[in-house]
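For reference, the structure is listed below as structure tokens.
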Amino acid sequence: MSEQATTPEELLSRADALRGELGDSHSRFIEDIYQQAAEVADKVVSQTGQAGRFNLDRALDRVLTSPVWGLPIMVLMLGVVLWLTISGANIPSGWLATLLLDWVYNWLHTAFQAIAAPWWIEGFLVDGVYLAVAWVTSVMLPPMAIFFPLFTLLEDFGYLPRVAFNLDRAFAKAGAHGKQALTMTMGFGCNAAGVIATRIIDSPRERLLAIITNNFSLCNGRWPTQILIATIFIGALVPPVWSATASMLAVLGVAVLGVGLTFGVSWGLTKTVLKGEASTFSLELPPYRPPQILRTLYTSVIDRTLIVLWRAVTMAAPAGAVIWLLGNIDISGVSIAEHLVTFLDPIGWFVGLNGVILLAYVVAIPANEIVIPTILMLTLMVGRAAGADAGVMIEFDTARETASVLVGLGGWTLLTGINLMLFSLMHNPCSTTIMTIYQETKSLKWTTVATLLPVVMGLITTGAITWIARALHLV
């Protein structure tokens, strides 16, 4: 070119001139290039004396990727998504619980009694297998059905690449990949989905870092535990008018701690067993575009929600069976569950928990959703509460009723509640996530590391807090 075309009109004129100089196929190709260049120039180039052209994408990026406003907006956006997920799931969760845990559950008991089935078959199948599946479905389905569509809408809109852009420097300092910001965020909905999402990271080393640390994102199965325990123990420390705010801040603090652990553990692994330089990558910031609602619903409901729910249900069914058997098989007149609680109590005391909590987390590995119902069932059983059904998971309608059992019958203190919130953040992944980790890594070694590392960290943390509190005579 003898001279440089800088305006849309000059670019199109140059394309017309080239059309005659080249063959049809080449001219169409060159014309497309110049047409795209003309569109870009029309958006960003202004003539001398003209006001600068307004571009919506550029205006949004000035705010959303700003060093000042980018991170606060990102935290606010995540908070809104989580608030909508938690608050919005309450009503459908209540409907599902009424349907599955009241109507269908009672109907199944009536049906088994009508055919004169042995009590142990009825208990094993209804109080064990079915009850666990029903609990996981009622607690897990509504939050996922809200979180995943919201997450996908942000993805389709083009905001998530901006999140990776904002956090890229922080993850690079930790020796990780900027795209881990996306997989970490996905983990807040479901850790198994977050592990699958690590496929977007090309570097095997950095992808492994994202897989190992994804469990530090609080999944939707752990939010109910955090909220309930914070309401009972943290909310009680302040006047009633501030109770909800204090509880919310405590849960948010645990979630932020999880993000900090993600950075800290990533940095520690890159300095030890996963040494290496953080890879550079070209992050394309796609244009903002209106989300495709039907595509979003299909992607979030079919590809994410239902697949993850199915995996959780297949794991919850045997867990329910085990819980029922532990509560109904006696050795020397005492159930296996009570024997295990007695055995685990000294370990629990050492780390500021108790045998009930430790056993609940062992049997609830298939699904975090059944931790609290299992804790309540074991507490009532060990405390010999009147009317407690062996091996039948239970949940109360109000936090006050739950508190009366945990504090009055179980002997829980504020320290127990704080330690449980921390242990809920730092414990082994659920079996669905463990299975997904193995499928993604094809490595028993790294699956074991990803499984045991957080639980060891959790026990060390709660143990340290407990012994410091005892040394200072706070408990």
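The values are calculated or read from the model by the stated rules, or taken from the named source; none is laboratory data. None of these values were measured; they are calculated from a predicted model. All Cβ positions, glycine included, derive from the backbone under ideal geometry; neighbour counts span all protein chains shown.
Taking Arg58 as the residue in question, decide whether it is within 15 Å of Pro161 (Cα to Cα) and either at pLDDT below 80 or hydroxyl-bearing (Ser, Thr, Tyr) (or both).
Details: within 15 Å of Pro161 (Cα to Cα): yes; either at pLDDT below 80 or hydroxyl-bearing (Ser, Thr, Tyr) (or both): yes.
When the stated conditions are applied, Arg58 passes them.
Among Leu269, Leu252, which is assigned by TED's automatic domain parsing to the domain that holds Lys173 and either surrounded by 20 or more Cβ atoms within 10 Å (Cβ to Cβ) or more than 15 Å from the chain's Cα centre (by Cα) (or both)?
Leu269
Within region 328-342, is there a residue that is part of a loop (DSSP other than H, G, I, E, B) and under 18 Å from the mean Cα position of the chain (by Cα)?
no
Condition first: part of a helix (DSSP H, G or I), touching a Leu at 6+ places or on another chain (Cβ under 9 Å) and within 21 Å of Gly260 (Cβ to Cβ). Now tell me which residues in region 211-236 satisfy that.
Selection gives Ile212, Thr213, Asn215, Phe216, Trp223, Thr225, Gln226, Ile229, Ala230, Ile234.
Can you name the helices (runs of 4 or more DSSP H) wholly within region 378-475 that have at least 1 residues being at pLDDT below 90 and exposed (fewer than 12 other Cβ atoms within 10 Å of the Cβ)?
Where helices (runs of 4 or more DSSP H) fall fully within region 378-475 and carry at least 1 residues being at pLDDT below 90 and exposed (fewer than 12 other Cβ atoms within 10 Å of the Cβ), they are 399-403.
Could you list, in sequence order, the residues of region 118-132 that are of a type in the set (A, V, I, L, M) and under 32 Å from the mean Cα position of the chain (by Cα)?
Once the filter is applied, which keeps residues that are of a type in the set (A, V, I, L, M) and under 32 Å from the mean Cα position of the chain (by Cα), region 118-132 yields Leu125, Val126, Val129, Leu131, Ala132.
For Pro149, are the conditions met, namely being at pLDDT 80 or above and under 25 Å from Ile302 (Cα atoms)?
yes
List, please: which pairs have Cβ atoms under 6 Å, are six or more places apart or on different chains, and start with a residue in region 347-362 that is at positive phi and end with one that is hydrophobic (A, V, I, L, M, F, W, C)?
Taking only residues 6 or more apart or on different chains, the pairs are Gly352/Leu415.
Name, by its number, the condition in (1) small (Gly, Ala, Ser); (2) part of a loop (DSSP other than H, G, I, E, B); (3) under 21 Å from Leu76 (Cβ atoms) that does not hold for Ala176.
It fails just one condition, (3).
Please identify the pairs in which a residue from region 193-222 that is over 19 Å from Ala172 (Cβ atoms) has its Cβ atom under 6 Å from the Cβ atom of a residue that is charged (D, E, K, R), counting only partners at least 6 apart or on another chain.
Filtered contacts from region 193-222: Ala193/Arg304; Val195/Glu440; Gly221/Glu369.
Quick check, is Arg199 over 26 Å from Ala312 (Cβ atoms) and surrounded by fewer than 22 Cβ atoms within 10 Å (Cβ to Cβ)? Break it down stepwise before answering.
On the way: over 26 Å from Ala312 (Cβ atoms): no; surrounded by fewer than 22 Cβ atoms within 10 Å (Cβ to Cβ): yes.
When the stated conditions are applied, Arg199 does not pass them.
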